[in-house]
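Read-outs throughout are calculated quantities, based only on the coordinates presented, and are distinct from any laboratory measurement. In this text, all values refer to a predicted model and were calculated from it rather than measured experimentally. FYI the Cβ positions are ideal-geometry reconstructions off the backbone, even for glycines, and counts take in every protein chain you see.
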Amino acid sequence: MKKLILFFAALFLLTSCSFDEDNPQFHVAFVPVVGVEMPEYFVHGENYEIKVKYQRPTDCYFYDGFHYEEKNNALVIAVQTLVIEDSNCASLDGVEPEEASFTFACSPTYGGSSYLFKFYTGKNEDGTNSYMEVEVPIAQ
């Protein structure tokens, strides 16, 4: 009987321990866009693949898609990453930028003649967001 009680006590202690050390902690971050491939113009009703080059600062950043905000003809786009909080991250300075793409459907509902894409390029020296702006006309 004592062995059974000791077994359950040990089992309780093992299962009540925290395993947070084994579960990686992470947060979401945007990384700078360093280049884009855009068409010269859009045709209403057509789809376009937009290629985006971005730079990860360390190997603890993992691509997680795009973040979009749209207002009328302006689209703010950022490359979203998941960042593993680890002190053993290796710098990726000098490594070629990576590429991801998304499909853009040209279906202007606002009645404008172009789209303004604002790609997040990081923070400037004032600490405010900076953008690479690309305006693409819509063919008539």
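Before moving on, here are some points about what is shown:
- Expressed in units of 2.2 N^0.38 Å, where N is the residue count, the Cα radius of gyration of region 53-140 is 1.32.
- Once the chain from VAL134 to GLU96 is taken as fully extended at 0.36 nm per residue, the excess over their C-alpha distance is 11.4 nm.
- Per-residue Karplus couplings for region 118-135, computed as 6.51 cos²θ - 1.76 cosθ + 1.60 with θ equal to phi - 60°, are listed in order as 10, 8, 5, 10, x, 9, 7, 5, 7, x, 9, 5, 10, 9, 9, 9, 10, 9 Hz, Gly and Pro entered as x.
- With the highest mean first, a sort of the peptides 112-118, 81-87 on other beta-carbon atoms found within 10 angstrom per residue produces 112-118, 81-87.
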